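Here the structure is laid out as structure tokens; the discussion comes afterwards.
The values are calculated or read from the model by the stated rules, or taken from the named source; none is laboratory data. This is a predicted model, so every value here is computed, not measured. Backbone-built Cβ (ideal geometry, glycine too); neighbour counts: all protein chains shown. Accessible surface areas use protein heavy atoms only, side chains included; no ligands, DNA or RNA. Shrake-Rupley method; radii C 1.70, N 1.55, O 1.52, S 1.80 Å.
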Amino acid sequence: MLRLGKLDNDDLERLMLKKFRRVRPESLSSPTIGQDCAMLDMGGDLVVLSCDPITSAKIAHLGRLTVHVSCNDAAAAGAEPVGLLVTLLIPPSGTTEEIARIADDLSAAAQMANVDILGGHTEVTDAVSRAVTNAAVIARQPRDSALRGMRPGDDIVMTKWAAVEGTTILAEDFADRLASISKELLASARAFSGQLSIVAESKIAMLHGASAMHDVTEGGVLGAAWELGYANACAV
């Protein structure tokens, strides 16, 4: 039986990644550990793409996480997010009110991130037990501003705090299990929801010569640093 969450890096490499080969001249990258985005050369600016599911969020902030998690991947590649294609899967127990609420949340977050919802797919299915989204972000990057990648001796800089997204999810989704925490502290933790986007920080980092960037998620700061190193042949 598989454990919940992402595959271990060794299993991911063995079962999936090593089987994919590039055959198109437009493709500038292949899927690899530590690299969240694909890059295409279609003439003009480079096209940067990434996709992410949101499987564990409550209805109240499903749309917000869908937008920011996807846009952050593109921003961490040094690209400017332009739009999203969003798939929404709803169980038969869902309601039209929940669908409308998710759409409202998607719209508000997209405006905050300055991206468009370009399309996608919405379906009621018994394959899921709660609402699930999957988003593909489309971004652009000038061909002369591609990140060179991490190298030995580079400094590692954090632009916010560790566990911002995780803290927000715990405070919003599991507040009933946190009775020992004061209401003031919970409110402070929930306020981190306004800090989830890294698009603005990405633009600043690019202006100041960042060589590589990563949106810290599962595995924390140490995991993100290792993934960056692995993707750039600086870690084993």
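Apply the a/c threshold of 1.5 to the C-alpha gyration tensor of region 97-208 and tell me whether it is rounded, prolate or oblate. In terms of gyration-tensor shape, oblate. For region 23-36, 3J(HN,Hα) computed residue by residue from phi via the Karplus equation (6.51, -1.76, 1.60; θ = phi - 60°) reads 10, 9, x, 6, 6, 9, 8, 10, x, 8, 4, x, 10, 8 Hz, glycine and proline entered as x. One way to sum up the overall shape of the chain is the equivalent ellipsoid from its Cα gyration tensor, whose semi-axes run 29, 22, 19 Å, largest first. Taking amide H as placed 1.01 Å from N in the peptide plane, the amide H of LEU196 sits under 5 Å from none that are at least 5 places away or on another chain.
What's the Kirkwood radius of region 150-221 in Å, using all Cα pairs?
Working: mean 1/r = 0.0708 Å⁻¹.
About 14.1 Å for region 150-221.
Legend: helices of the chain (whole DSSP H runs) are marked when their alpha-carbon atoms reach 20 angstrom or more along the helix axis and their mean Kyte-Doolittle hydropathy is at least -0.5; marked are 62-76, 96-113.
Just how many pairs of Lys in the chain have C-alpha atoms closer than 21 Å, counting pairs that are eight or more places apart or on different chains?
Values: LYS6/LYS18; LYS6/LYS19; LYS6/LYS58; LYS58/LYS183; LYS160/LYS203.
For the chain, qualifying lysine pairs total 5.
Only one residue of THR66, LEU28, LEU49 has its Cα farthest out toward the positive end of the dipole of region 1-70, where Lys and Arg carry +1 and Asp and Glu -1 on Cβ, and that residue is THR66.
Legend: Rg and Dmax of region 179-236, from Cα coordinates, 15.9, 46 Å.
In Å², and per residue, what accessible area does the chain have when probed at 1.4 Å with the other protein chains present? Each step should come with its number before you reach the end.
Working: 14130 Å² over 236 residues.
Dividing the accessible area of the chain by its residue count gives 60 Å².
Could you look at the chain and say what percent of its accessible area is carbon and sulfur, using a 1.4 Å probe and all protein chains? Show your work: numbers first, answer last.
Working: 8010 of 14130 Å².
Carbon with sulfur: 57 percent of the solvent-accessible area.
Taking the charge dipole of the chain about its Cα centre, with +1 at Lys and Arg Cβ atoms and -1 at Asp and Glu Cβ atoms, the residue from VAL82, THR217, ASN114 reaching farthest to the positive side is THR217.
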